[in-house]
Amino acid sequence: MSDKGWSIAIHGGAGTMAPDRMTEAEQAEYKAALQAALDAGKAVLAGGGSALDAVEATIVILEDDPHFNAGRGAVFTYSGVNELDASIMDGRDRSAGAITGVTHVKNPVKLARAVMEDSPHVFLSREGAEEFAREQGIEIVDPDWFATPHRWRQLEELKAKKLGWFDVDLKYGTVGAVAVDGEGHVAAATSTGGLTGKRWGRIGDSPVIGAGNYADDRACAVSATGAGEYFIRVGVAREICARMRLLGEDAQIAADAVIAEVGDLGGDGGVIVAAPDGGTVFSFNTPGMYRGRANASGLNEVAIFAKE
Ligand code: ASP
């Protein structure tokens, strides 16, 4: 059993959001969107459901919400397509599923789960992943479902200003969830459109098991957001779990140390972590991260800026 009962933490991307760059109404909109996702996960966990079901239910809400860079509202590639990546992992036995570069799958996290549970593989890509989705009866949509005018403008801005890969909108809108259930099992899920203007089949950290997502009952569950290239090089999610498991560090110390490593290399972003004892922590080196957490003892919070 977890000492504190179930708990859950979510993120909707880290970046340079600041109180003077968002109206009160925008802040309220994002907080309501985060709360709706948190509520979906809470309902699963409060009903005795598993951490795995809770993170999936949470991510589905965030993927369907155009505020975030995942599913509907995903960023565009350089050639004007929404290419989606997702991953999910179960801390009980470290089973995992991930997909990259799909363009017709309404909820990429559901496909990642199907890869985990119904295929002999861990990681599928592009047309092959879509073929598997169709075989599994996963919902397929027209690519227009994902496209929003806001993200199209960001692509045009990137092209017009010849911005660097990590500059557009100055934030990362990937979504993630980590949870520990009443039995002390952890799970993590992450979903993203990646980076605006990505080319050449670029894949970030989000669907890479061990980089943007990891779950191990012996340590913790982690979901990341940020400059994916750095998160892959550091192996962020597994590094945090390894520090907790092998060095006995607590979640905050391990997460802060690994985010500091990302920062030392020049990367920015953040993580959410859930430990089997029921603790959840956030760590990020950006001015803000859309985030929220809740637990069985009544904790419920959503926040955007670092100082909140
Ligand atoms: N980590 C994601 C990527 O590099 C981006 C994000 O967090 O928004 O694809």
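The values are calculated or read from the model by the stated rules, or taken from the named source; none is laboratory data. Quick caveat, the model's predicted, so the values are computed rather than measured. Heads up, the Cβs are rebuilt from the backbone with ideal geometry, glycines too, and the neighbour counts pull from every protein chain shown.
Looking only at region 182-218, count how many residues are at positive phi and free of Cβ contacts under 8 Å to residues at least 40 places away in the same chain. Can you show your working first?
To start, the set of residues in region 182-218 that are at positive phi comprises 184, 194, 197, 200-201, 210.
Next cut, free of Cβ contacts under 8 Å to residues at least 40 places away in the same chain only: 200, 210.
So the count comes out to 2.
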- Message: Among the numbered criteria (1) within 16 Å of the ligand (Cβ to nearest atom); (2) at pLDDT 95 or above; (3) buried (at least 24 other Cβ atoms within 10 Å of the Cβ); (4) not charged (D, E, K, R), which one does Leu111 miss?
- Response: (1)
- Query: Which one of the conditions (1) of a type outside the set (S, T, N, Q); (2) farther than 24 Å from Ile61 by Cβ; (3) modelled with pLDDT of 90 or more; (4) within 14 Å of the ligand (Cβ to nearest atom) does Leu170 fail to meet, given that it meets all the rest?
  - Reply: (3)
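On the given criteria, is Asp93 assigned to a strand (DSSP E or B) and of a type in the set (Asp, Glu)? So that I can check it myself, show each step before the final result.
Values: assigned to a strand (DSSP E or B): no; of a type in the set (Asp, Glu): yes.
Taking the combined requirement at face value, the residue does not satisfy it.
Which of the residues that make up region 42-68 are of a type in the set (Lys, Arg) and over 18 Å from Gly278 (Cα atoms)?
Step one: filter region 42-68 for residues of a type in the set (Lys, Arg), giving 42.
Listed by number, the list is empty, since nothing qualifies.
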- Test result for Asp90, closer than 25 Å to Leu38 by Cα and of a type in the set (Asp, Glu): yes
- Pairs where the first residue, in region 77-95, is farther than 17 Å from Val55 by Cβ and the second is away from the ligand (no atom under 16 Å from the Cβ), C-beta under 6 Å, 6+ apart: none
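Looking at region 124-143, is at least one residue within 15 Å of the ligand (Cβ to nearest atom) and over 28 Å from Asp39 (Cα atoms)? Even if it seems obvious, please write down each step before you answer.
Within region 124-143, the subset within 15 Å of the ligand (Cβ to nearest atom) is 125.
Okay, now just the ones that are also over 28 Å from Asp39 (Cα atoms), so 125.
Yes, region 124-143 contains at least one residue that is within 15 Å of the ligand (Cβ to nearest atom) and over 28 Å from Asp39 (Cα atoms).
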